[in-house]
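The values are calculated or read from the model by the stated rules, or taken from the named source; none is laboratory data. None of these values were measured; they are calculated from a predicted model. Cβ: placed from backbone, ideal geometry, glycine included. Neighbour counts: every protein chain shown.
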Amino acid sequence: MIDAANDGTIGDNAYRTIRRDIIFGQLRPSEKLRLEPLRKRYHVSVTTLREILNRLTSDGLVVAEGQKGFEVASVSEADLREVAELRLLVEGHAVTRSFENGDLDWESQVVAAHHKLRRFEDRMIAGDRSARDDWKRADWGFHRALIAGCDSRTLLDLHGQIFDKYIRYQILTSAFRGERGAREHAELLEVAFARDANKAREILSVHILGGVEFIIKARNDAGSVPWVNQYSEV
């Protein structure tokens, strides 16, 4: 997941870095992943790099091309819609379980996560796009906090993988919904306190599917420009 801790083996750290670079557009859709340049860039052996790319293939972020090597997974409107539907299914179920099981500590974590997110949303709304990466990490943190009480590591891991793919599309189109998205986050905070899972799923549907339409509009407004992150330094 995008805010994973930065400890572990060299291979684990390189895996997290490459994964993050794909999600945040430093490695672009359909880009060929040539081993020698990547080995130098991420300071790992070719053997370790192959293991990482195979792992990312399992995650759905890299595609293995048989004898031709690897490339970053492509993006499309159809894939975005599928990712969004999966996210809604998994997150809606996880929220229901979390609302049933969450305790006072869980509520405190949700409040803290929303407070952090709101700060970065305010900066983005004010036009400070340098906060973009921190905003997306805070967005992930808030949604993660909402479902953290679900008491299922498998469910949390699955949600993390799907959420990262969704975020990738937001980053590639620099899609930020401003006050509308912020208001929906505030509504989710309110229903979390009320433990109203039905209302939470309704808000999530508006939030996630509304985000899809916003991303597609941003893409269409760009015309024939490829899916690229206009803020990427690559």
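Numerical summary
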item: Filter result for residue 157 (in a helix (DSSP H, G or I), in contact (Cβ under 8 Å) with a residue 60 or more places away in the chain, under 16 Å from the mean Cα position of the chain (by Cα) and surrounded by fewer than 17 Cβ atoms within 10 Å (Cβ to Cβ)); result: no
item: Matching entry among 126, 113, 145 (being surrounded by fewer than 20 Cβ atoms within 10 Å (Cβ to Cβ), in the same structural domain as residue 200 (by TED's automatic domain parsing) and without any contact (Cβ under 8 Å) to a residue 60 or more places away in the chain); result: 126
item: Test: residue 80 is among the aliphatic types (A, V, I, L, M), in contact with an Asp or Glu (Cβ under 9 Å, 6 or more places away or on another chain) and within 21 Å of residue 155 (Cα to Cα); result: no
item: Residue list for region 46-76, restricted to those being surrounded by 14 or more Cβ atoms within 10 Å (Cβ to Cβ) and charged (D, E, K, R); result: 50, 51, 55, 59, 71
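Table: residues versus (1) outside the structural domain of residue 158 (by TED's automatic domain parsing); (2) in contact with a Cys (Cβ under 8 Å, 6 or more places away or on another chain); (3) among the small types (Gly, Ala, Ser).
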site: 22; (1), (2), (3): yes, no, no
site: 27; (1), (2), (3): yes, no, no
site: 42; (1), (2), (3): yes, no, no
site: 45; (1), (2), (3): yes, no, yes
site: 59; (1), (2), (3): yes, no, no
site: 65; (1), (2), (3): yes, no, no
site: 82; (1), (2), (3): no, no, no
